[in-house]
Amino acid sequence: MKPRWTRVLLAVLLVGQLFLLAAQTPARGGDPQTLLASVTLRLLGPFARLSAATGEAVRGAREATRGRAALARENRRLREELLELRRDRLRLAALEQEATALARGVDFARESPWRLRAAEVVYLDHASWLKTMLLHVGPAGARLDQPVITEAGVVGRVIGAAGGYAKVQLVTDGAAHVGAVLERARRQAIARGAGAGRMTLEFVPRQIAVEVGDRVLTAGIDGVYPRGIPLGTVSSVAPGSELFHAIEIEPAADLARLSFVYLIERETPPAALRSEAGDGLR
Amino acid sequence: MAFAKFLAALAVAVLLHLAGTRVEPLFPLAVDLFLLVALLEARHGRPSGAMLAGLAAGLVADGLTGGPYGLFGFANTAVGYGVARAAQQLVVQRSTSLAAVFAAGAAAQQAILAGLALVFRPGAELAGPEWLLAKVATTALAGLAWTRAVERLAGGLARRRAGRAKPMELPK
């Protein structure tokens with residue numbers, strides 16, 4: 001474009017815009033919105049909308065990210081809380097079991113004809129060939145051959161004591177012997193540990209009628225256990241030899257699940273007398 | 001092609017203006033992207049193109065501001081023409097001179113706007129001098145930065161083209 005025409009165009013544009021401005025002055029009154037302004041507004045509207053939408057989208061994405069992070073934090077906190085509650089529930093269940101066992105034990109000790117002393121089982125070895133158990137008996141200690149029972153039945157006898165601890169031979173130990181009596185037949189016999197949680201009842205003549213389920217009690221003839229404590233029940237009967245039955249007994253006390261036991265405070269015959277009588281029942 | 005570039009630049013200016021206003025409401029007081037678009041076009045030394053570019057950019061600015069329509073249009077048209085005429089007469093290479101051209105354009109626009117406001121809106125509240133200085137400074141810096149970036153890009157492209165076009169030398 002020639003410079004002259006350019007100048008003319010410039011003048012036209014500037015004058016035109018001056019007229020436009022003059023037409024919008026407040027002195028003239030009326031609507032200041034001109035057709036050109038309206039058209040431009042329509043053209044620019046979409047840009048403004050796009051900008052606003054972009055801003056909203058960015059803000060929304062930022063808030064969504066923040067929300068996700070907050071949810072993840074809350075989820076982690078809730079998981080930790082859940083674990084803590086589960087631990088609490090397990091603790092409470094254990095406490096409830098212990099309280100129930102103690103209550104049962106208190107009842108048993110109150111109704112028992114013997115003077116009993118509770119002891120805590122701290123170690124139980126009923127899996128190896130020597131079936132023993134370690135007790136915490138308190139400062140009073142324990143004496144040798146002191147009977148150990150639960151509310152269910154006989155557990156064993158003390159074979160060693162030191163300080164507040166005592167070692168107990170379980171009735172299922174292979175070297176354990178207990179003077180026993182069949183409750184229904186009123187026949188005395190000798191119960192012997194057979195390992196693996198079992199006992200056998202020996203010297204029961206075949207003439208005696210023995211059935212599975214018959215209760216076996218202590219006979220009170222061995223100098224260790226008082227009379228009438230449940231020892232177990234007959235779990236099998238077979239013809240052992242020409243003279244005697246072969247009887248297996250399931251112990252009355254569940255030796256695998258012991259937490260508290262009781263020592264029977266009872267005088268035992270002097271050792272010399274027991275030796276004279278032939279201490280073959282140990 | 002030049003017209004398409006101008007339209008693209010104007011669209012980018014609109015978006016940046018709207019985004020800047022959303023982030024900081026005082027953004028339009030400190031930065032005039034439409035004037036920058038007009039000045040960048042005017043630097044090529046074509047008065048008619050610069051004038052029309054200033055007109056378009058100014059009218060767009062008028063559409064986005066609450067003032068009377070034609071205020072920025074008039075000012076940017078005049079500034080675009082003036083800077084284009086100046087660019088025909090001067091060869092500006094140094095950064096300070098280039099920044100001075102952009103600053104002068106911004107200052108002239110502010111002066112024209114103030115004059116028009118006095119005439120057509122006597123009661124209008126004008127921006128404070130600190131905002132006028134801020135606008136002049138931002139226009140100068142943004143114009144300088146943009147020009148240098150484009151020159152660097154163009155130089156890099158030219159060097160790559162020259163490297164590719166190098167004739168193969170045969171062994172003697």
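Looking at chain B as a GNM with Cα springs under 10 Å, which of B:A75, B:A53, B:A142 has the largest mean-square fluctuation? In the Gaussian network model the winner is B:A142. Probing with 1.4 Å while keeping every protein chain in the model, the per residue accessible area of the protein assembly as shown equals 59 Å².
Count Lys and Arg as plus one, Asp and Glu as minus one, and take only other residues whose Cβ is under 15 Å from that of A:V204; the net charge is then 0. Summed over both chains, the accessible area lost when A and B associate is about 2400 Å², using a 1.4 Å probe. Residues in region A:149-161 carry Karplus couplings, in order, of 9, 10, 5, 8, x, 6, 10, x, 9, 6, 10, x, 9 Hz; the curve used is 6.51 cos²θ - 1.76 cosθ + 1.60 with θ = phi - 60°, and Gly or Pro positions show x. When the Cα positions of B:A87, B:A107, B:L71 are compared along the charge dipole of region B:67-172, B:A87 comes out farthest toward the positive end, with charges on each C-beta of Lys, Arg, Asp and Glu.
Shown are A:H177, B:H44, whose ranking by accessible area with a 1.4 Å probe and every protein chain present, most to least, is B:H44, A:H177.
For chain A, the longest principal axis of the alpha carbon atoms and the long axis of helix A:35-111 meet at an angle near 10°. Counts of other chain beta carbons within 10 angstrom of each beta carbon in peptide A:3-10 average 5.
The apolar share of the surface of the protein assembly as shown, taken as the fraction of accessible area on carbon and sulfur atoms (1.4 Å probe, ligands and nucleic acids excluded), comes to 62 percent.
Once the partner protein chains are put back, region B:50-82 shows a loss of at least 50 square angstrom of accessible area, versus the chain by itself, at B:M51, B:Y69, B:F74, B:Y81 (probe 1.4 Å, ligands and nucleic acids excluded).
Shape class for region A:109-172, computed from the alpha carbon gyration tensor (a ≥ b ≥ c): oblate, with a/c not under 1.5 and a/b at or below b/c. For region B:2-147, what does the alpha-carbon gyration tensor say about shape, rounded, prolate or oblate, given a ≥ b ≥ c as the root eigenvalues, a/c under 1.5 as rounded, and a/b over b/c as prolate? Note, shape of region B:2-147 comes out rounded.
Largest GNM mean-square fluctuation among A:A219, A:A48, A:A119, using chain A with Cα springs under 10 Å: A:A48.
Under the rule a/c < 1.5 gives rounded, and otherwise a/b versus b/c splits prolate from oblate, where does the protein assembly as shown land using the Cα gyration tensor? Here the protein assembly as shown falls in the prolate category. Going by alpha carbons, how many degrees (0 to 90, nearest 10) lie between the helix axis of A:3-23 and the longest principal axis of chain A? Roughly 70 degrees, rounded to the nearest 10. Considering only B:F27, B:F74, B:F120, the mean-square fluctuation computed in a Gaussian network model of chain B, springs between alpha carbons under 10 angstrom, is largest for B:F120. Relative to the longest principal Cα axis of chain B, at what angle does helix B:47-64 sit, 0 to 90 degrees, rounded to 10? So the inclination is approximately 50 degrees.
Counted by Cβ distance under 14 Å from A:P230, the other residues give a net charge of -2, where Lys and Arg count +1 and Asp and Glu count -1. The trypsin sites (Lys or Arg not before Pro) of region A:201-251 meeting both criteria, a DSSP state outside H, G, I, E and B (loop) and at most 16 other C-beta atoms within 10 angstrom of the site's C-beta, are A:R206, A:R227.
Based on the Cβ-Cβ distance of A:E250 and A:R76, what FRET efficiency does E = 1/(1 + (r/R0)^6) give at R0 = 45 Å, to the nearest 0.05? With a Förster radius of 45 Å, E is 0.30.
Shielding of peptide B:10-23 by partners, expressed as the average count of other chain Cβ atoms within 10 Å per residue Cβ, is 3.
Note on A:W114 and B:L16: the model spin-label points, each 7 Å out from Cα along the C-beta direction, lie 10.0 nm apart. Taking the Cα centre of chain A as origin and assigning +1 to Lys and Arg Cβ atoms and -1 to Asp and Glu Cβ atoms, the resulting dipole is close to 2700 debye.
The values are calculated or read from the model by the stated rules, or taken from the named source; none is laboratory data. Please read these numbers as outputs of a predicted model, since none were measured by experiment. When we count neighbours, we look across all protein chains shown, and the Cβ atoms used for this are built from the backbone with ideal geometry, even at glycine. We work out accessible area using only protein heavy atoms, side chains counted, and drop any ligands, DNA or RNA first. Shrake-Rupley method; radii C 1.70, N 1.55, O 1.52, S 1.80 Å.
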